[in-house]
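What follows is a single structure, written as structure tokens, with notes after it.
The values are calculated or read from the model by the stated rules, or taken from the named source; none is laboratory data. Here the structure is a predicted model, which is why all the values come from computation and not from measurement. When we count neighbours, we look across all protein chains shown, and the Cβ atoms used for this are built from the backbone with ideal geometry, even at glycine.
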Amino acid sequence: MGVVKSHAKLYLCGVKALIATLALLAAEPTQPIEPVDTLLHIERVEITASLKHDDLRQAPISATIMPMHAIEERGVTSLKDISLIAPNYYQPDYGSSITSSIYVRGFGSRIDQPVVGVTVDDIPLMNKNGYDFDFYDIRRVEMLRGPQGTLYGRNTSGGVIEIATLSPLDWQGLRLMAEYATVSSARASLGYYAAPRKGLGVSLTAGYNHNGGYWRNTYTDRMADRGDSGSARLRVQWSGRGGWSLDNSLTASYTNEGGYAYHHYNPATNEYAPVAYNDPSGYERLLVQEGLVAKWRGDKVQLSMATGYNYLDDKMTLDQDFTPRSMFTLKQMQREHSLTEEIVIRNTDRDARWQWLTGAFLFAKWLDMSSPVTFKRDGIDDLILKNANHGITSSGIFPEGTAIEIDTDEFLIASDFNIPTYGIALYHQSTVELGRWLLTAGLRLDFEHTAMHYNSHGTIPYRFNYTMTEFKPLYTEFRGHDKQSFFELLPKLAAEYRTACGTIYATITRGYKAGGFNTQIFSDILQVKMMNGMMDDLGLKLDSSGTTTSYDTASATRYKPEKSWNFEIGTHLAPVQGLTLDGAIYLIECYDQQVTILPQGNSTGRMMSNAARARSYGAELTAEYRYKGLMVRGDYGYTNARFREYNDGQAEYAGNYLPYAPQHTASVVAAYSWSLNNKKLHSISIMADWRGVGPIYWNEANTLRQGFYSLVGLQLMLRMSHCTLTLWGRNLTNTDYDTFYFKSVGEEFFSKGTPLHCGIRLNVNI
């Protein structure tokens, strides 16, 4: 299928793009470098690099915008930290960088496809396992809430996060950051930005992050959540004659983490046990992204072409029972290549009454995945023999002591998958100005096709002691292929009214998330087939009263698309100088909502299913006031997200709250800066922040929840000529709270939030 087979070829596309970029520069004569503004000035220029919009505060969209100075001042180092700021945005910490599930306005996805799309310098990340990366020299982050399907399409029913990195055409010099924090954690980055000639910018950045860990595995006496990561980015920008510009970025990152700090929970006593498991666990990931954005700007139109390539190679290892017992371990190894191409044509006359945009988006990705599950002695006894022998003893045919025996302390169930996916979309959006009114209509035609080739197999030596004297190998295989195609129309209607102090808008948008395949349930399916195979071999039938879950293969291995309608009324206001107000109220009607199922009994897997209907309504409000050295900002989000129709075959959940959807998200930050007439020390700033979240229900039955909790932070900043020294502390009250609930083999576990931690950070700009 043309999949790249070596790391050498992986980097070749980036090298070729850079060579092509540099070749275009040969005809440009050398010109003197123009004076460059300081970084402080650049940080506060609110300019977006997006292909599809200009100023979000003038658009009919609920969004949170974080410029560079806010990112650095508030210590935003990853997407998870946006949860500290953005209303109705929640990203739980699963204890690893592999799963960065994002919940917006009540909706999210614990496994498989996300509800929020992420782009970096206009290049989309095609696998959510790559979402959780370290932030270095991030120029701007924009979080767009609500369905963005018309312009952004695939898996953006919850919103889009656009990330822009610092451009070497905007700032030149050397940037250094070094940070040390509690539990011997450290971060460092170095970036060099240069403009060797007019219109040409080159930057090279690198970063390293070491997490010493907060939670000790009491069984191994090692920190469970210890980890290291590093990244590097090469960026070349060229702006030449004739309206042409090129922007090429090549980014590579590597992550190697321990895992997972899951505390065993006893529902009978409501007590948490210390982290304690015996088998090695961890996560390792290599992520490479190559992006080339070419633009041509004429007198009336702009043509943009964004070509992206993503490579993901990761491996997850889990002691999935998370106890000192030897039940079973899971490995999941993925290797994915993806190609994207987006072409956008839009008018450039901002004064024209008709603003329009037309685009096409194409993608193809190839995922090879292997998920071997190793059953060990305790797992063999509890998950296989216990169920199989229950069927024998309950038959009443055989004498006491008759049983199936397995002659090994461990055996492997191997599951291999090849999943190619491709899609194409065409879209258009027009905005017409009628006096104070702006009317917008858009439509996207989206087609996606996916297939799955699977082979799950295993061999187990067993004997029936009543009739067999020797052990017999039993080979079980589950092999086949499946395919699905999805087509959807995604309309958008918006009306915006401009006043003297801002805008008021109303929108109706369609949300959509494609269906797919359940890969995490195949070990369960094969396990059941093995037990049934042993019983069939003996001429017996497994008693259905046992604890083993049975599966309808067709329904268990695939799930349907999720669709929604979003109705929203909002405003962007600046009533007085220094004050900005942004607010929105919304209603979301969701159909065939994709939900994660933890099968009944001692299951080893998870699967995606579809709830019939769900509804979410709520509000968002952001207020920010600046006066001289004072800044006060408040963000609040309310979400009421419930199932309207959902029965999983075991229970009725209609009326219950959706899991992982906080009802309240709130944050307040206040900062004051004193300017000093001192050549060495320019200013002193102090910032205090508060974050409140909750309550959060962890399961569909709403029997487990995290109550509302608060996190308090404080920092002191000393600004000098070319550097800033920051002393910071987070969760100063040492609040105990849960961030994730997990169930495996009938046992329940929680991941804890980070306790009190503090650090010191130095930023140098030369």
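Structure summary
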item: Subset of the range 280-309 [polar (S, T, N, Q) and surrounded by fewer than 23 Cβ atoms within 10 Å (Cβ to Cβ)]; result: GLN302, SER304, THR307
item: Single residue of the range 223-261 satisfying the filter (part of a strand (DSSP E or B) and of a type in the set (Asp, Glu)) that is nearest to the chain's Cα centre (by Cα); result: GLU257
item: Residue within the range 644-657 that is out of contact with any His (no Cβ under 8 Å at 6 or more places or on another chain), of a type outside the set (Gly, Ala, Ser) and farther than 30 Å from GLN594 by Cα present; result: no
item: Checklist (1) surrounded by fewer than 16 Cβ atoms within 10 Å (Cβ to Cβ); (2) more than 26 Å from the chain's Cα centre (by Cα) applied to PRO695, failing item; result: (2)
item: Residue that is surrounded by the fewest Cβ atoms within 10 Å (Cβ to Cβ) [pool: residues in the range 72-99 that are among the aliphatic types (A, V, I, L, M) and under 10 Å from the mean Cα position of the chain (by Cα)]; result: LEU79
item: Search result, residues across the range 384-396 that are without any contact (Cβ under 8 Å) to a residue 40 or more places away in the chain and either under 19 Å from ILE460 (Cα atoms) or of a type in the set (A, V, I, L, M) (or both); result: LEU385, ASN389
item: Among the residues listed as THR205, THR182, the single one being surrounded by fewer than 22 Cβ atoms within 10 Å (Cβ to Cβ), under 30 Å from ASP736 (Cβ atoms), touching a strand residue (DSSP E or B) at 6+ places or on another chain (Cβ under 6 Å) and among the hydroxyl-bearing types (Ser, Thr, Tyr); result: THR182
item: Pair list, Cβ under 8 Å, 6 or more apart: the range 605-627 residue under 27 Å from PHE522 (Cα atoms), other residue outside any strand (DSSP E or B) and among the hydrophobic types (A, V, I, L, M, F, W, C); result: GLY605/ILE521; GLY605/PHE522; ARG606/ILE111; ARG606/ILE521; ARG606/LEU598; MET607/ILE521; MET607/ALA556; MET608/ILE111
item: Residue count for the range 324-341, restricted to those that are part of a strand (DSSP E or B), in contact (Cβ under 8 Å) with a residue 40 or more places away in the chain and of a type in the set (D, E, K, R); result: 2
item: Subset of the range 216-230 [of a type in the set (S, T, N, Q) and buried (at least 20 other Cβ atoms within 10 Å of the Cβ)]; result: ASN217, SER229
item: Flag for VAL275 being closer than 30 Å to ARG353 by Cα and crowded, with 20+ Cβ neighbours inside 10 Å; result: no
item: Residue within the range 493-503 that is outside any strand (DSSP E or B) and over 28 Å from the mean Cα position of the chain (by Cα) present; result: yes
item: Whichever residue in the range 356-374 is closer than 25 Å to ALA441 by Cα and surrounded by fewer than 19 Cβ atoms within 10 Å (Cβ to Cβ) and, among such residues, is nearest to the chain's Cα centre (by Cα); result: LEU362
item: Single condition ILE384 does not satisfy, out of (1) out of contact with any helix residue (DSSP H, G or I) (no Cβ under 7 Å at 6 or more places or on another chain); (2) among the hydrophobic types (A, V, I, L, M, F, W, C); (3) in a helix (DSSP H, G or I); result: (1)
item: Qualifying residues in the range 702-734 (those that are within 30 Å of TYR657 (Cα to Cα) and surrounded by fewer than 14 Cβ atoms within 10 Å (Cβ to Cβ)) - the one nearest to the chain's Cα centre (by Cα); result: GLY707
item: Positions within the range 699-721 being assigned to a strand (DSSP E or B) and more than 16 Å from PHE749 (Cα to Cα), in sequence order; result: TYR709, SER710, LEU711, VAL712, GLY713, LEU714, GLN715, LEU716, MET717, LEU718, ARG719, MET720
item: Evaluation of THR38 against (1) at pLDDT below 85; (2) under 11 Å from the mean Cα position of the chain (by Cα) (one fails), failing number; result: (2)
item: Which numbered condition GLU470 fails, given (1) in a loop (DSSP other than H, G, I, E, B); (2) buried (at least 16 other Cβ atoms within 10 Å of the Cβ); (3) of a type outside the set (S, T, N, Q); result: (2)
item: Where SER485 falls short, out of the listed (1) at pLDDT 90 or above; (2) within 30 Å of the chain's Cα centre (by Cα); (3) among the hydroxyl-bearing types (Ser, Thr, Tyr); (4) crowded, with 16+ Cβ neighbours inside 10 Å; result: (4)
item: Conditions (1) within 30 Å of LYS331 (Cα to Cα); (2) free of Cβ contacts under 8 Å to residues at least 60 places away in the same chain; number of the one not met by PRO420; result: (2)
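Per-residue answers, yes or no, for (1) modelled with pLDDT of 90 or more; (2) touching a Cys at 6+ places or on another chain (Cβ under 9 Å); (3) among the β-branched types (Val, Ile, Thr); (4) not in a loop (DSSP other than H, G, I, E, B):
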residue	(1), (2), (3), (4)
SER304	yes, no, no, yes
TYR309	yes, yes, no, yes
PHE322	no, no, no, no
ILE343	yes, no, yes, yes
PHE361	yes, no, no, yes
LEU367	yes, no, no, yes
PHE375	no, no, no, yes
GLY379	no, no, no, yes
GLY391	no, no, no, yes
